[in-house]
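Right, I'll just put the structure down here and ask away after.
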Amino acid sequence: MPPRLSSIITRMSAGHHAQPNLFEESAPNAPDSAGHPLVARVLIEDAALELDYSIPEALASRVQLGTRVHVPLQRHRAAGTVVQLLPDSSYHGKLKPITDTIGTRPVFPENLLKLAHWASTYYLCPLRIVLRAMLPESVRKKPESFLSDSHLTLARMPDAAEMEKLHKSAPIQARIIEMLHNHKGPAALSELRKELPRATQVVHILVKKGIVDRAEVRVERDPFHDEEFIANAPHTLTEEQRIALDKILIALDPSFSNPPTSKPFLLHGVTGSGKTEIYLQAIAKVLEQKKTALVLVPEISLTPQTIERFKARFSEGHQRIAVLHSHLSDGERHDEWYKIHEGRADIVIGARSAIFAPLENLGLIIVDEEHEPSYKQEESPRYQARDLAVVRAKLEGCACILGSATPCLESFENAQTGKYELLNLTKRTDGKSMPLIRIVDMRLERRRTKDGFSILSDRLRIAVEQRLEKQEQVILFLNRRGFNTALTCLKCGETANCPDCSVALTFHKTDNRLVCHVCGTRQLPPSKCKACGDPSIRFGGYGTERAEETIRAIFKTARIARVDTDTMQRKNQLRDTLRAFRSQKLDILIGTQMIAKGLDFPNVTLVGVLNADLALNLPDFRAAERTFQLLTQVAGRSGRGETKGEVFIQTYAPHSPAVQFARHADYAGYAEQELQHRKQFHYPPFTHVVLIGCRSKQEALAEFTLQSFATRVKEKLPPETHHGEVCPSPLTKAHGQFRFQWLLRTARVRPLLAHIQSVLSSMTLPEDIILTWDVDAMSLM
């Protein structure tokens with residue numbers, strides 16, 4: 001970008017006022033006799049500019065709201081999105097015309113544009129950043145870059161004499177003719193090349209002879225092209241399921257009195273209560289009405305099983321389901337997005353970014369495991385997909401279901417106050433009781449071991465042996481990767497820390513490397529202390545890698561797999577591992593939160609939580625809530641088949657309310673006491689939190705900047721706003737930058753956001769400073 005243009009763009013604020021086209025001489029705008037809009041307000045994608053452009057008559061029918069276009073900007077061509085159509089512009093000079101459109105249809109339906117504006121305002125994020133997040137990068141950078149293949153058919157069949165001649169002089173031509181003659185329907189050239197590498201050149205000759213017809217067709221990069229799904233029929237519902245579904249079906253009824261104002265549903269069902277079956281039958285009703293459905297899942301690990309269930313139920317139309325998540329290749333994501341964009345998908349399943357899927361005629365939005373923090377985007381735009389689902393449902397006039405066995409307290413309080421409609425499922429569908437949960441006090445276990453350290457308690461070890469003898473399966477859960485979590489000098493106490501982050505390095509034995517789980521720094525483990533030179537270095541703590549080694553040593557004949565981000569690197573590796581476990585080719589599954597929720601394995605009768613305390617003592621007001629949710633969710637993986645399940649929770653804090661309420665699967669009891677604490681100290685769900693962060697390579701500058709910002713905000717702070725003091729973040733340094741934060745809490749968030757926006761727009765920050773703001777922050781780390 002030219003320096004002058006770059007400086008102009010830098011000085012302009014994003015998304016507030018349309019700017020005149022600065023690079024054209026003045027002249028009046030011509031009227032449009034056909035009545036088409038004269039002017040398009042275009043948001044430039046790579047700059048903080050909204051500019052008005054004239055719409056050429058040749059493009060009048062193609063330039064619509066949400067259309068991506070190419071426009072002239074100074075001496076260059078820029079890409080942008082039409083965010084408004086106007087009869088005239090406030091700029092009185094002659095506007096430059098739009099050069100052309102990108103694609104043949106608007107990429108953003110009108111309701112998605114409204115959602116983008118809402119998110120931009122609420123999360124204090126420029127509209128162009130929100131629109132960028134709405135489009136996969138492969139679609140934004142290479143629109144309509146489809147693969148194609150040649151489909152071949154016989155134009156005429158040579159007679160016997162001609163074929164005999166070809167067999168002698170051109171046997172490959174004869175072979176291709178015979179293959180096409182015997183093939184049912186058109187044959188793909190790519191398939192012919194697998195058997196005949198020279199097929200391309202030979203086909204070209206046959207086409208010139210008029211023997212073969214060749215047509216270019218688009219080829220879908222389908223991530224499930226090699227999958228087969230066995231159809232299944234709807235299950236018979238329990239009484240609780242039937243009551244819940246009936247209430248949802250009323251909201252889905254087109255004759256319902258006022259669908260846009262219907263409340264979101266909070267489907268609160270214990271693990272194994274059949275929430276997914278309700279989703280499936282509700283979607284079937286939506287499809288009957290010729291509408292579409294959107295299903296959000298929090299983890300990519302849940303996607304394979306969810307897709308399998310949905311494709312099995314809706315197997316008649318294999319192409320009606322599209323998938324959007326980060327484990328797809330760029331080409332697959334491109335083609336799946338266009339499947340939705342072109343109206344060839346009725347159901348979309350995906351992670352948080354799928355909330356922006358360009359589905360039209362939406363009938364239902366489902367957010368499964370709605371409590372999961374992974375629905376919160378940690379980079380700008382810092383949106384919460386669950387909340388955007390509720391907003392989009394209102395904009396679309398469709399129903400919205402939030403489902404969980406352990407709803408987040410914000411959703412539960414909304415249900416208690418009548419903002420959401422609560423649907424309860426208190427029993428498992430098979431009539432089985434919840435698994436028996438046992439607490440193992442690791443303080444006592446530590447006293448019994450020689451070195452005071454144990455990964456597997458005696459009680460859990462014996463229980464695993466008993467289940468393996470019965471040919472039942474076991475899940476062992478530990479939410480920490482690596483082999484050892486700390487490397488400490490016994491002489492001086494020095495710990496091996498990341499040079500760029502304020503965290504200890506984790507030892508990964510397989511790679512023989514110390515790894516930072518924040519920035520990814522990798523280094524060889526030292527043979528002696530870097531501080532004092534003493535060789536008496538001790539590894540401490542443990543992660544899934546060490547747990548796997550220990551379990552393999554104890555249960556030598558057991559078939560074991562580990563599931564974490566270190567082992568699940570290859571594409572489809574997670575899907576293949578989970579399928580192997582489901583088909584009982586594995587006995588023990590060891591893993592992080594990737595295996596803690598949403599998965600259904602009927603032969604799993606024992607779950608062991610190796611360390612329940614990892615998240616319990618984090619400096620975050622949601623730490624106890626997350627611990628309760630995680631323990632309840634992982635316990636729910638046990639006993640989903642015919643045999644009663646059992647769960648062992650190893651903890652050094654057995655009397656913690658989060659542990660005790662999880663032991664009894666008492667969500668209501670936990671929510672009641674936790675909500676009392678939240679209300680007393682003005683925390684969500686009774687307030688909104690806004691976390692202001694500041695980071696810089698210069699520690700003093702970061703602190704001073706945030707202190708200055710806080711002082712200015714405090715001058716006219718809206719009433720009923722509570723705030724703490726500027727302080728170092730719990731993670732005080734990351735990626736070489738020092739981090740400070742300031743937390744505000746308010747019952748009325750809109751006035752606070754407007755005030756913060758006004759202060760931000762009046763400040764000039766030093767070059768080395770990055771100031772961030774997170775509305776409804778899910779983590780204070």
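The values are calculated or read from the model by the stated rules, or taken from the named source; none is laboratory data. What you see is a predicted model, and the numbers here were worked out from it, not measured in a lab. Backbone-built Cβ (ideal geometry, glycine too); neighbour counts: all protein chains shown. Accessible surface is based on the protein model in full, side chains and every heavy atom, while ligands, DNA and RNA are left aside. Shrake-Rupley method; radii C 1.70, N 1.55, O 1.52, S 1.80 Å.
If packing is taken as the average count of other Cβ atoms within 10 Å, what order do 327-334, 350-357 fall into, highest mean first? Intermediate values should be presented prior to the final figure.
Values: 327-334: 19.0, 350-357: 23.8.
Packing order, densest peptide first, comes out as 350-357, 327-334.
Which Cα, out of 327, 351, 65, lies furthest along the positive dipole direction of the chain (beta carbon charges, K/R +1, D/E -1)?
Among 327, 351, 65, the one farthest towards the positive end of the dipole of the chain is 327.
I need the calculated FRET efficiency for the pair residue 161 and residue 220, taking r as the beta carbon distance and R₀ as 45 Å, to the nearest 0.05.
Working: r = 42 Å, r/R0 = 0.93.
The formula returns an efficiency of 0.60 here.
In Å and on Cα atoms, what radius of gyration and Dmax does the chain show?
Spelled out, the Cα radius of gyration and Dmax of the chain are 30.0, 97 Å.
Going through the cross-link list 263/679; 470/585; 470/644; 114/290; 165/209; 556/585, which pairs have a Cα-Cα distance over 18 Å in this structure? Could you put the intermediate results ahead of the total?
On the way: 263/679 24 Å; 470/585 15 Å; 470/644 13 Å; 114/290 23 Å; 165/209 15 Å; 556/585 16 Å.
Long pairs (Cα-Cα over 18 Å): 263/679; 114/290.
Between residue 326 and residue 779, what is the label-point separation in nm under the 7 Å Cα-to-beta-carbon projection?
Going by the 7 Å Cα→Cβ label model, 1.1 nm.
Moving on. In whole angstrom, how far apart do the alpha carbon centroids of segment 271-341 and segment 522-566 sit?
With segment 271-341 and segment 522-566 each reduced to a Cα centre, they are spaced 39 Å.
Work out the charge dipole of the chain with +1 on the Cβ of Lys and Arg and -1 on the Cβ of Asp and Glu about the Cα centre, then indicate which of 398, 254, 423 is farthest towards its positive end.
The residue sitting farthest along the positive end of the dipole is 423.
Report P(r) for segment 399-488: all Cα-Cα distances, bin width 5 Å, range 0 to the bin holding the largest distance, values in whole percent.
Cα pair-distance distribution for segment 399-488, in percent: 2, 8, 12, 13, 14, 13, 11, 11, 9, 5, 1, 0.
For segment 232-362, would you read off the P(r) tail past 24 Å as a percentage of all alpha carbon pairs? Write out the running numbers ahead of the final one.
Working: 2555 of 8515 pairs.
Summing the P(r) tail past 24 Å for segment 232-362 gives 30 percent.
What does the charge dipole of segment 396-554 about its Cα centre add up to, to the nearest 20 debye, if the Cβ of each Lys and Arg holds +1 and the Cβ of each Asp and Glu holds -1? Kindly include the intermediate steps, with their values, before the conclusion.
Numbers: 25 positive and 19 negative charges, 147 e Å.
With Lys and Arg at +1 and Asp and Glu at -1, about 700 debye.
Taking the Cα centre of the chain as origin, sum charge times position over the Cβ atoms of Lys and Arg (+1) and Asp and Glu (-1), and report the length of that vector in debye to the nearest 20.
Numbers: 102 positive and 91 negative charges, 285 e Å.
Once rounded to the nearest 20, the dipole reads 1360 debye.
Still on this structure, I have one more. Give me the number: length gained by fully extending residue 748 to residue 576, i.e. 0.36 nm times residue separation minus the C-alpha to C-alpha distance, one decimal in nm.
Gain on stretching residue 748 to residue 576: 57.1 nm.
Where does the chain land at 222 nm, in deg cm²/dmol rounded to the nearest 500, when only DSSP H runs of n ≥ 4 count, each adding -39500 (n - 2.57), divided by all residues?
Working: 23 runs with 250 residues, N = 781.
For the chain, the value works out to -9500 deg cm²/dmol.
Counting heavy atoms of the protein chains only and a 1.4 Å probe, report the per residue accessible area for segment 533-629 as a whole number of Å².
On the way: 3800 Å² over 97 residues.
That works out to 39 Å² for each residue.
Please give the contour-minus-distance gain from residue 448 to residue 701: 0.36 nm per residue of separation, less the Cα-Cα distance, rounded to one decimal in nm.
Numbers: separation 253, 0.36 × 253 = 91.08 nm, distance 5.10 nm.
Extra length from residue 448 to residue 701 when fully extended: 86.0 nm.
Let me ask something else. Tally up the carbon and sulfur contribution to the accessible surface of segment 555-701 as a whole percent, 1.4 Å probe, everything protein left in place.
On the way: 2990 of 5840 Å².
Answer for segment 555-701: carbon and sulfur cover 51 percent of the accessible area.
Calculate what fraction, in whole %, of the accessible area of segment 321-444 sits on carbon and sulfur atoms when a 1.4 Å probe is rolled over the protein chains.
45 percent
May I ask you to give the solvent-accessible area per residue for segment 135-293, in square angstrom, as obtained with a 1.4 angstrom probe? Provide the component values of the computation, followed by the final result.
Numbers: 8960 Å² over 159 residues.
For segment 135-293, the solvent-accessible area averages 56 Å² per residue.
Shifting gears a bit: Show me the ranking of peptides 377-389, 699-711 by mean Cβ neighbours inside 10 Å, starting with the highest.
Working: 377-389: 20.3, 699-711: 17.6.
Highest to lowest by the protection proxy: 377-389, 699-711.
OK, next. Give, as ranges by residue number, the residues of segment 116-130 whose backbone N falls under 16 Å from the point 7 Å along Cα→Cβ of residue 771.
Residues passing the 16 Å test: 124-126.
Which of the listed residues, 160, 617, 200, is farthest toward the dipole's positive end in the chain, when Lys, Arg count +1 and Asp, Glu count -1 at the beta-carbon?
Of the listed residues, the answer is 617.
Something else: Could you please state, rounded to a whole Å, how far the C-alpha centre of segment 672-717 is from the C-alpha centre of segment 346-394?
First find each Cα centre; the distance between them is then 27 Å.
For each cysteine in the chain, check whether another cysteine's C-beta sits under 4.7 Å from its C-beta; list those where none does.
125, 398, 400, 408, 519, 694, 727
So for each of 573-582, 513-522, 647-656 I average, over its residues, the number of other beta carbons within 10 Å; can you give me the resulting order with the highest mean first? List each step's numbers first, then the result.
Values: 573-582: 18.8, 513-522: 16.7, 647-656: 20.6.
In decreasing order of mean packing, 573-582, 513-522, 647-656 become 647-656, 573-582, 513-522.
Once all Cα-Cα distances of segment 128-272 are split into 5 Å bins that start at 0, what whole-number percent is in each one?
2, 7, 11, 11, 8, 7, 8, 9, 7, 7, 6, 6, 5, 3, 2, 0
Using the Cα centre of segment 56-129 as the reference point, and only Cβ charges (+1 on K/R, -1 on D/E), how large is the resulting charge dipole? Debye, rounded to the nearest 20. Spell out each step's value before the answer.
Working: 9 positive and 4 negative charges, 50 e Å.
For this selection, approximately 240 debye.
Given a Förster distance of 60 angstrom, what is the FRET efficiency for residue 539 paired with residue 209, based on the Cβ-Cβ distance and rounded to 0.05? The partial results should precede the final answer.
Values: r = 73 Å, r/R0 = 1.22.
About 0.25, to the nearest 0.05.
Let me ask something else. Could you name the lysines whose alpha carbon sits less than 23 Å from that of residue 716, not counting residues in the same chain fewer than 8 places away?
Answer for residue 716, where 23 Å is the Cα cut-off: none of the lysines qualify.
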